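The values are calculated or read from the model by the stated rules, or taken from the named source; none is laboratory data. The structure displayed is predicted, hence computed values, not measured ones. Positions of Cβ are generated from backbone atoms using ideal geometry, with glycine treated the same way; all protein chains shown enter the neighbour counts. With ligands, DNA and RNA removed, areas are computed over all heavy atoms of the protein, side chains included. Shrake-Rupley method; radii C 1.70, N 1.55, O 1.52, S 1.80 Å.
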Amino acid sequence: MPQTVAVLSDIHGVLPALDAVLAEPDVRAAERIVLTGDIVAGPQPVEVLDRLTGLGDRVVWVRGNADREMVELRAGKEPVIPDPIAPWAAAQLRDNQLELLAGLPATVTMPVAGLGTVIFCHATPRDDEEVVLVDSRLNRWAEVFTGLPDEVDTIVCGHTHMPYVRLAHRRLVVNPGSVGMPYGRSGAHWALLGPGVQLRRTAYDIEAACARVAAESGYPEAATWADYYLHSRADDVRALTVFGPRDGR
């Protein structure tokens, strides 16, 4: 049973943000690093995957909807949501990297010290695009938990890029926020589990990171993309407004 687990979600191909988190002493010391999806859909997809695979067996991988879409795009499927960086990122990946993404599980379950049996997923345990928020109704959480084994004590998810911890129907729900595309405030957001839950934010030099992404990425709009997302110009109010209808409001 791992005593400490660092959870990194929604890296979205931003290498400077990932490197800042990986340099954190508690991440370096964690027994496991769990990635809860949307790993590469961004300006530095190849470099981010190379960095993470270089960490070896300490990393536990979970598939996000954007990871699934990378595979689908390379197979010729049209994107559901037009996002110009997604097909560009998919085209950059090496075949072995595409195979890695194609083989990722939708969920991983493991015990974590102090938190019992934990299920790690991207959006919800049953759907990699479903939206639940910090203030979702309890009956909405009951829907999301349908079919979960009784022994699951804690759910760790991502997808909405906003960190929170809440209790719902006696289960703890943890969203670490986003490493590479935070909504609400800048910095690289992640979580440390065991024996409790700590929501963490790693501050790093945003201007230098934007310059690095612009210089190193081949994406034509990399500078504009980095300026918007690394500065977190999309705030949590706007994000909640956009996500609200998908939460059934």
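Would you mind working out the accessible area per residue for the chain, using a 1.4 Å probe, and quoting it in Å²?
Working: 10560 Å² over 249 residues.
Per-residue value: 42 Å².
Do you know the relative contact order of region 106-224, to the nearest whole percent, from alpha carbon pairs under 8 angstrom that are 6+ apart? Write out the running numbers ahead of the final one.
Details: 206 pairs, mean separation 22.1, N = 119.
Answer for region 106-224 is 19 percent.
Want the number for Asp50 to Ala142: 0.36 nm per residue separation, take away the alpha-carbon distance, what's left? Kindly include the intermediate steps, with their values, before the conclusion.
Numbers: separation 92, 0.36 × 92 = 33.12 nm, distance 3.83 nm.
Length difference between fully extended and current span is 29.3 nm.
At 0.36 nm per residue, minus the direct Cα-Cα distance, what do Glu207 and Ala29 gain on full extension? Give it in nm, one decimal, please. Working shown, then result.
Details: separation 178, 0.36 × 178 = 64.08 nm, distance 2.81 nm.
Length gained, Glu207 through Ala29: 61.3 nm.
If Lys and Arg each add +1 and Asp and Glu each add -1, what is the summed charge of the other residues whose beta carbon sits under 13 Å from the beta carbon of Thr36? Before the final figure, lay out the partial values.
Working: positive: Arg32, Arg63; negative: Asp10, Asp38, Asp67, Asp128.
Here the count lands on -2.
Using only the Cα atoms of region 202-249, each taken as one equal point scatterer with no solvent, compute I(q) by the Debye sum, divide by I(0), and report log10 of the ratio at q = 0.20, 0.27 Å⁻¹.
Taking Cα atoms of region 202-249 as identical point scatterers yields -0.71, -0.91.
Using only Cα atoms, what Kirkwood radius does region 106-225 have, in angstroms? Please report the intermediate quantities before stating the final value.
Values: mean 1/r = 0.0636 Å⁻¹.
Evaluated on region 106-225, it is 15.7 Å.
Grab the other residues whose beta carbon is less than 13 angstrom from that of Arg68, score K and R as +1, D and E as -1, and report the net.
Working: positive: Arg63, Arg74, Lys77; negative: Asp38, Asp67, Glu69, Glu72, Asp127, Asp128, Glu129.
Neighbourhood net charge equals -4.
Rounded to the nearest 10 Å², what accessible area does Tyr228 have for a 1.4 Å probe in the complete protein model?
Accessible area, nearest 10 Å²: 70 Å².
Direction-averaged shadow area of the convex hull around the Cα atoms of the chain, nm²? Kindly include the intermediate steps, with their values, before the conclusion.
Values: hull surface 49.3 nm².
It is 12.3 nm².
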